[in-house]
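Asks: So that we are looking at the same thing, I have put the structure below in structure tokens.
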Amino acid sequence: MTRSPKPIGCAQAVEHLYELLDHELTPDLEARVRAHFEECKRCYPLYRFESGFKRFLAARTETRRAPDELRRKIFERIMFEDPPDE
Amino acid sequence: MTSDKTDQQREFEREALPHLDTVYRVALRLCGDPTRADDLTQETMLKAYRAWHQYKRGTNARAWLLTILRHTFINEYRRQKNRGIPVDIDEVEHFTVFENVNDVDPEGQFFDRIVDAEVLQAIDNLPDDFRECIILSDMEGLSYAEIADVAGVPVGTVKSRLFRARQALQKQLYDYAVEMGYIKPTAP
């Protein structure tokens, strides 16, 4: 038996927007919040703006690796370190 | 015993060292400068190695390392930095960038014109607790529960800090974009 998700209002959807974008909602609530943003003309622009900002932030803080010299130093110190106390 | 030492090292290499890049990136954004970030990363990894027996096997090694990093940063590295503009996080709550740009640039395309260094500076200007949430969530992809675990606060606090941190970050970038003429300010 399938049920269509119970609709939620604008205020509730907006309250859960970041959780939706961060994949923090339960599948049921996620479906309801997502459905609201897809259908509500007033809320959709906010969804588009915030999801765009999240993508922007991810792109601008691209993954940077630890410098090789630092990696080597840490590795060597651990190699010569006495074994940790049990 | 030599063989024990080797086993510990092997285990540490396998479980902890793969998270070195994460530790370094978080250290870099917490400290704001590469030299101190190097020291903080090194100290975190050595402390973790010495306390390896306290790590519960099969749990979240990344979160465990980040917790050690956080404590080390707070106890030994946190001090006033020369920051550009200190951000008053409470003031930001009364301002929503989206509402101000909705008529002229609803997709926030002005963000794209801002250079990387300015974006990082804006992150660095956030108060420590808020910066930490942005770093762990938006840069490193930790879940709210993992961030709560690292920061030692309830999940609800993580949610509220993340909300305020993102709004404050948007506000700073918006102000910068206005200053640079990338977007017209809305009439008061």
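The values are calculated or read from the model by the stated rules, or taken from the named source; none is laboratory data. Being a predicted model, the structure only gives us computed values, none of them experimental. Reconstructed Cβ throughout: ideal geometry from the backbone, glycine too, with neighbour counts over all protein chains shown.
Asks: Among the listed residues A:ARG42, A:ARG60, which satisfies the condition of being within 18 Å of B:GLU107 (Cα to Cα), facing chain B (nearest Cβ under 10 Å) and not hydrophobic (A, V, I, L, M, F, W, C)?
Replies: When all the criteria are applied, what remains is A:ARG60.
Asks: Which residues, taken from region B:38-58, are within 19 Å of A:ARG77 (Cα to Cα), of a type outside the set (D, E, K, R) and more than 9 Å from chain A (Cβ to nearest Cβ)?
Replies: B:LEU40, B:THR44, B:ALA48
Asks: Please work out which one of (1) more than 18 Å from the chain's Cα centre (by Cα); (2) within 29 Å of B:VAL101 (Cβ to Cβ) is the condition A:PHE49 fails and give its number.
Replies: The number of the failed condition is (1).
Asks: In addition: The conditions are (1) part of a loop (DSSP other than H, G, I, E, B); (2) surrounded by fewer than 16 Cβ atoms within 10 Å (Cβ to Cβ); (3) not hydrophobic (A, V, I, L, M, F, W, C), and A:GLU24 fails exactly one of them. Which is it?
Replies: (2)
Asks: Moving on to the next point. Looking for whichever is under 20 Å from B:LEU120 (Cβ atoms), assigned to a helix (DSSP H, G or I), basic (Lys, Arg) and within 25 Å of the chain's Cα centre (by Cα) here; the options are B:ARG62, B:ARG29. Which one fits?
Replies: B:ARG29
Asks: Quick check, is B:LEU173 buried (at least 19 other Cβ atoms within 10 Å of the Cβ) and either within 10 Å of chain A (Cβ to nearest Cβ) or polar (S, T, N, Q) (or both)?
Replies: When the stated conditions are applied, B:LEU173 passes them.
Asks: Of the residues B:THR67, B:THR59, B:THR96, which single one is surrounded by fewer than 20 Cβ atoms within 10 Å (Cβ to Cβ), β-branched (Val, Ile, Thr) and within 27 Å of A:VAL14 (Cα to Cα)?
Replies: Going through B:THR67, B:THR59, B:THR96 in turn, the sole match is B:THR96.
Asks: Let me spell it out: the conditions are (1) out of contact with any Gly (no Cβ under 8 Å at 6 or more places or on another chain); (2) crowded, with 19+ Cβ neighbours inside 10 Å; (3) in a helix (DSSP H, G or I), and B:LEU126 meets all of them except one. Which number is the exception?
Replies: (3)
Asks: Of the residues that sit in region B:92-119 and are at pLDDT below 90, closer than 23 Å to B:SER137 by Cα and assigned to a helix (DSSP H, G or I), which one is nearest to the other protein chains (Cβ to nearest Cβ)?
Replies: B:ASP116
This table checks each residue for (1) surrounded by fewer than 19 Cβ atoms within 10 Å (Cβ to Cβ); (2) within 11 Å of chain B (Cβ to nearest Cβ); (3) at pLDDT below 95; (4) in a helix (DSSP H, G or I).
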{"position": "A:ARG34", "(1), (2), (3), (4)": "yes, no, no, yes"}
{"position": "A:PHE37", "(1), (2), (3), (4)": "no, no, no, yes"}
{"position": "A:ARG55", "(1), (2), (3), (4)": "yes, yes, yes, yes"}
{"position": "A:ARG65", "(1), (2), (3), (4)": "yes, yes, yes, no"}
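Asks: For B:ASP138, state whether it is crowded, with 21+ Cβ neighbours inside 10 Å and touching a Ser or Thr at 6+ places or on another chain (Cβ under 9 Å).
Replies: yes
Asks: Please go through region B:23-37 and pick out each residue that is touching a residue at least 12 places away in the same chain (Cβ under 8 Å), more than 9 Å from every other protein chain (Cβ to nearest Cβ) and of a type in the set (Val, Ile, Thr).
Replies: B:VAL26, the sole residue that qualifies.
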